[in-house]
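The values are calculated or read from the model by the stated rules, or taken from the named source; none is laboratory data. This one's a predicted model, so the numbers in the text were calculated from it and none came from an experiment. Cβ coordinates were reconstructed from backbone atoms using ideal geometry, including for glycine residues, and neighbour counts include every protein chain displayed.
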Amino acid sequence: MINLVSNATKYTPEEGTTGGGAEASANKWDPEGSGKVVHFWVKDNGIGISPEDQAKIFQKFFRSEDQKAREAPGNRPGLETLPRA
């Protein structure tokens, strides 16, 4: 969660917006998991992530080759940018 919030802030321009939240909900993601889960989300209007990079965001130490993403410093494990919501 810290990485998601950090990246939303890092890649959103000063005039942009970030937000997020959490709510208890029915588990519609894992049929073999718990019936109820806590759903967390982060939303921003930052630079986004290309469809090609979206397939790689959970790879350890992945960092986009996109020049906009490269302009912001950092070396974090995956999820360097978030898809546009």
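Structure notes:
- The range 36-57 - residue that is assigned to a loop (DSSP other than H, G, I, E, B) and more than 10 Å from the chain's Cα centre (by Cα) and, of those, surrounded by the most Cβ atoms within 10 Å (Cβ to Cβ): G46
- The range 1-42: number of residues that are within 23 Å of F62 (Cα to Cα) and of a type outside the set (A, V, I, L, M, F, W, C): 9
- Candidate set from the range 63-77 (those that are assigned to a loop (DSSP other than H, G, I, E, B) and over 17 Å from A8 (Cβ atoms)); member that is modelled with the highest pLDDT: E65
- Counted residues, the range 1-35 - those being assigned to a strand (DSSP E or B) and more than 16 Å from I49 (Cα to Cα): 8
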